[in-house]
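Please read the structure below before turning to the comments.
The values are calculated or read from the model by the stated rules, or taken from the named source; none is laboratory data. Computed from a predicted structure; not experimentally measured. No Cβ is skipped: glycine too gets one built from the backbone with ideal geometry, and neighbour counts run over all protein chains shown. Heads up: the accessible areas ignore ligands, DNA and RNA and are worked out on the full protein's heavy atoms, side chains in. Shrake-Rupley method; radii C 1.70, N 1.55, O 1.52, S 1.80 Å.
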Amino acid sequence: MRDCYKILGVSKSATVSEIKRAYRKKAKLLHPDITHQESEAFNELRMAYETLVDEKSRALFDQTSIFKNNGFQKRQTKQNFDYRTWLLARNDEESRSRLIFFDLTHHREDDAVNEFKQMNMERSNFRLSRWFTREEFMDYGFILAEELVLRQEYYDAVILLDQIIQMEFSYEYFRLFFPEVKSLARHILRNNIEGAVNDELAIDAWERALELRFGKSDDSFFLQKMADAYDRIGDSYTASVCRDAALKLS
């Protein structure tokens with residue numbers, strides 16, 4: 001196999017986040033659904049991605065590759081300037097947002113997740129998308145959402161996926177990968193939110209779901225879940241409104 005890193009256009013020290021982003025970017029240009037023909041380049045790209053995104057296969061490739069003795073060196077910062085330390089010393093929203101994506105792409109996924117959760121708790125109107133280009137936010141935001149799900153931080157994942165999906169509605173970016181984005185959000189909302197957070201937060205998540213165009217069947221399901229949650233918190237009137245709305249969609 002050719003050098004997987006060159007095929008994807010990433011360095012040998014690339015993080016999983018960088019590999020995923022590089023793959024999605026190139027796949028949107030080479031996918032047969034776009035070119036309308038079988039593509040050797042796309043097959044090679046897919047094989048390179050599958051090799052590098054899996055920890056074990058990547059390690060095996062690194063060990064057997066003829067490139068292992070080429071002296072790859074980690075990028076060094078100039079004059080000992082530590083960008084992460086600089087970001088940590090600042091408390092403005094932009095710096096803390098940039099810290100999240102910096103950690104996500106420098107093998108500090110736990111720190112990225114914890115910082116994102118902290119920002120959501122501290123600032124009610126926090127939106128990570130304010131501080132990045134659309135491309136950066138859509139790519140790394142989805143990767144961060146996947147990391148949140150891995151750690152069972154379902155409500156925070158919904159908040160992020162809601163922003164990504166609404167942004168996709170306003171202007172298509174993911175295209176081929178958008179079904180994957182919506183499928184992840186739908187699975188969380190149907191299977192993971194209830195019981196993972198208190199009823200007030202669950203209701204908020206299901207209200208967001210109603211704006212994400214999943215379809216009548218899913219909307220009916222979310223409304224029924226909201227009704228049950230409102231009953232539990234003692235709001236029988238709103239519960240009945242939700243049930244009536246759910247019945248009209250079923």
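Residue separation times 0.36 nm, minus the C-alpha to C-alpha distance between HIS187 and ASP62: what's the value?
Extending this stretch completely gives an extra 41.5 nm.
Report which label in (i) 16.4, 50; (ii) 17.4, 57; (iii) 21.2, 70 holds the value of Rg and Dmax of the Cα atoms in Å derived from the coordinates of this structure.
(iii)
How far apart, in nanometres, would the label points at GLU44 and SER240 be if each is projected 7 angstrom from Cα along the Cα-to-Cβ direction?
Once both label points are built, they end up 6.8 nm from each other.
Less than 17 Å apart at the alpha-carbon level, and either on another chain or at least 8 residues along: which aspartates and glutamates does that give for LYS56?
ASP3
Under the rule of -39500 (n - 2.57) per DSSP H run of 4 or more residues, summed and divided by the residues of the chain, what mean residue ellipticity at 222 nm is obtained, to the nearest 500 deg cm²/dmol?
Helix-only estimate at 222 nm: -21000 deg cm²/dmol.
From the phi angles alone, apply the Karplus equation (6.51, -1.76, 1.60; θ = phi - 60°) to segment 201-206 and give each ³J(HN,Hα) in whole Hz, x where the residue is Gly or Pro.
5, 4, 4, 4, 5, 6
Can you list the HN-Hα couplings for segment 110-126, worked out from phi with the Karplus curve (6.51, -1.76, 1.60; θ = phi - 60°), rounded to whole Hz and with x for Gly and Pro?
Along segment 110-126, the couplings run 4, 5, 4, 5, 5, 5, 4, 4, 4, 5, 5, 6, 7, 10, 5, 9, 5 Hz.
Using θ = phi - 60° and the Karplus curve 6.51 cos²θ - 1.76 cosθ + 1.60, what whole-Hz ³J(HN,Hα) does each residue of segment 182-195 get, with Gly and Pro shown as x?
5, 5, 5, 4, 4, 4, 4, 5, 8, 10, 10, 6, 4, x
On average, how much accessible surface per residue is there in segment 137-218, in Å², for a 1.4 Å probe, leaving out ligands, DNA and RNA? Can you show the working numbers first?
Working: 3560 Å² over 82 residues.
Heavy-atom SASA per residue in segment 137-218 reads 43 Å².
Work out the FRET efficiency for GLU207 and GLU135 from their Cβ-Cβ distance, taking R0 = 30 Å, and round it to the nearest 0.05.
0.55
Give the cross-link partners of LYS225 among the aspartates and glutamates, using a straight C-alpha distance below 15 Å as the criterion and excluding same-chain residues fewer than 8 apart.
GLU194, ASP199, GLU200, ASP204, GLU207, ASP235, ASP244
With labels modelled as points extended 7 Å from the Cα through the Cβ direction, what inter-label distance (nm, one decimal) is found for ASP82 paired with GLU200?
Between ASP82 and GLU200, the simple spin-label model gives 3.9 nm.
Would you mind checking LYS6/LYS117; LYS25/LYS117; LYS25/LYS248; LYS26/LYS182 for any pair whose Cα atoms are more than 31 angstrom apart?
Distance filter (> 31 Å) returns LYS6/LYS117; LYS25/LYS248.
Under a cut-off of 18 Å between alpha-carbon atoms, report the aspartates and glutamates in cross-link reach of LYS28, not counting same-chain residues fewer than 8 places apart.
GLU18, GLU38, GLU40, GLU44, GLU50, GLU135, GLU136, ASP139, GLU168, GLU172, GLU180
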